[in-house]
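Asks: Here's a structure for you.
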Amino acid sequence: MEQPLSLRKPLALIATVHGALAVLVPATIALTIGLLLWILTLNKRKALNGMTYLLGWIGSIAAGLRLTIDGFNIIDNNRPAIFIFNHQSGIDPIILCRLLRKNIVGVAKIELKSHPVIGPLLSFGDTLFVDRDNKQSKADVLDDANFVLSHTLSVAISPEGTRSRHTEIGQFRSGAFRLARRSNRPIVPIIILDSAKVLPPRSLHMKPGVVHIKVLPPIYPEDWEDKHPNEMADTIRTVYINELTRLKKHSP
């Protein structure tokens with residue numbers, strides 16, 4: 001039922017405030033506890049794992065997120081791995097923290113490093129920042145990510161490189177697939193449906209709801225040794241499009 005006009009602006013303001021707080025509060029709590037754990041244990045990786053776990057759970061509760069997950073066991077049975085995901089919403093990092101929980105390093109665009117709230121959190125989390133318009137930066141990130149994977153940590157990266165403007169899948173870049181071939185680690189595709197309904201792109205208007213997750217079986221480099229990384233990126237993009245179409249038909 002449509003809300004009366006007199007109620008729409010107050011409700012929109014409440015949703016926007018909710019969206020801001022649902023990002024700000026969990027991020028602040030997680031970063032503070034992560035720093036305290038680092039001081040107490042002198043072990044940054046344990047501190048980061050605690051921070052990731054907290055951000056996933058507190059962030060989900062604050063946002064009113066409910067997740068349905070198909071294939072959750074695939075995540076822990078195939079570590080370390082390169083976890084790829086379609087990027088629909090600003091709430092996706094919280095969803096990934098909830099799913100992956102530990103021993104994970106993210107790849108993010110360089111612009112986020114200067115964000116007043118998210119920037120410090122990502123920096124403390126040893127996030128690999130990439131300038132998408134700089135070839136040397138992309139090469140350096142590939143080297144750093146390969147080093148991370150050689151030390152039993154996993155990497156999370158969106159092949160789209162940024163959030164989709166709409167719910168459609170953007171073009172897939174080949175970096176994750178080049179990394180898989182170099183590191184000899186599997187790619188584990190994570191498909192996210194409806195996170196944009198909870199928090200639309202470029203918006204703080206948050207609406208609690210259900211997000212559907214589908215984790216696909218791992219793809220090892222030897223499974224596509226006859227394909228170029230660019231070709232593999234296009235192939236997996238088609239898989240995402242087909243899976244999202246199927247999931248949409250069966251979602252309420």
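Asks: Out of the residues in segment 106-126 that are within 13 Å of G175 (Cβ to Cβ) and of a type outside the set (G, A, S), state the one that is surrounded by the fewest Cβ atoms within 10 Å (Cβ to Cβ).
Replies: Once the filter is applied, the top-ranked residue is K109.
Asks: Could I ask something else about it? Report the residue count in segment 127-138 for those that are surrounded by fewer than 15 Cβ atoms within 10 Å (Cβ to Cβ) and within 19 Å of G56 (Cβ to Cβ).
Replies: 0
Asks: Got a number for residues in segment 205-241 being without any contact (Cβ under 8 Å) to a residue 60 or more places away in the chain, under 20 Å from the mean Cα position of the chain (by Cα) and either more than 16 Å from R185 (Cα to Cα) or part of a helix (DSSP H, G or I) (or both)? Explain how you work it out, then say what you get.
Replies: Within segment 205-241, the subset without any contact (Cβ under 8 Å) to a residue 60 or more places away in the chain is 219-232, 235, 238-239.
Keeping just the survivors that are under 20 Å from the mean Cα position of the chain (by Cα) gives 219, 238-239.
Checking which are either more than 16 Å from R185 (Cα to Cα) or part of a helix (DSSP H, G or I) (or both) leaves us with 238-239.
Here the count works out to 2.
Asks: Tell me which residues, restricted to segment 221-236, are of a type outside the set (V, I, T) and either in contact with a Cys (Cβ under 6 Å, 6 or more places away or on another chain) or within 18 Å of F172 (Cα to Cα) (or both). Explain how you work it out, then say what you get.
Replies: The first filter runs over segment 221-236 and keeps only residues of a type outside the set (V, I, T), leaving 221-234.
Result: P221, W224, K227, H228, P229, N230, E231, M232, A233, D234.
Asks: Still on this structure: Quick check: is even one residue across segment 157-171 of a type in the set (S, T, N, Q), outside any loop (DSSP other than H, G, I, E, B) and modelled with pLDDT of 90 or more?
Replies: no
For every residue, the table says whether it meets (1) loosely packed, with under 15 Cβ neighbours inside 10 Å; (2) over 30 Å from A63 (Cβ atoms); (3) in contact with a helix residue (DSSP H, G or I) (Cβ under 8 Å, 6 or more places away or on another chain); (4) of a type in the set (A, V, I, L, M, F, W, C).
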{"residue": "V210", "(1), (2), (3), (4)": "no, no, no, yes"}
{"residue": "L216", "(1), (2), (3), (4)": "no, no, yes, yes"}
{"residue": "D226", "(1), (2), (3), (4)": "yes, yes, no, no"}
{"residue": "M232", "(1), (2), (3), (4)": "no, yes, yes, yes"}
{"residue": "T238", "(1), (2), (3), (4)": "yes, yes, no, no"}
{"residue": "I241", "(1), (2), (3), (4)": "yes, no, no, yes"}
{"residue": "L244", "(1), (2), (3), (4)": "no, no, no, yes"}
{"residue": "K248", "(1), (2), (3), (4)": "yes, no, no, no"}
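Asks: Further, regarding this structure: Which of the following residues is more than 19 Å from V188 (Cα to Cα), under 14 Å from the mean Cα position of the chain (by Cα) and not polar (S, T, N, Q): I91, I84?
Replies: Only one candidate passes the filter, namely I91.
Asks: Against the condition outside any helix (DSSP H, G or I), among the basic types (K, R) and surrounded by 15 or more Cβ atoms within 10 Å (Cβ to Cβ), how does R178 come out, does it pass?
Replies: Considered against the rule, which asks whether it is outside any helix (DSSP H, G or I), among the basic types (K, R) and surrounded by 15 or more Cβ atoms within 10 Å (Cβ to Cβ), R178 comes out as no.
Asks: Within segment 91-105, which residues are without any contact (Cβ under 8 Å) to a residue 60 or more places away in the chain, touching a Gly at 6+ places or on another chain (Cβ under 6 Å) and crowded, with 23+ Cβ neighbours inside 10 Å?
Replies: C97
Asks: Now for a separate question. Residue check, A27 against (1) under 18 Å from the mean Cα position of the chain (by Cα); (2) surrounded by fewer than 18 Cβ atoms within 10 Å (Cβ to Cβ), all met but one. Which one?
Replies: (2)
The values are calculated or read from the model by the stated rules, or taken from the named source; none is laboratory data. Because the structure is predicted, anything quoted here is derived from the model rather than measured. Please note: Cβ atoms are built from the backbone with ideal geometry, for glycine as well, and neighbour counts cover all protein chains shown.
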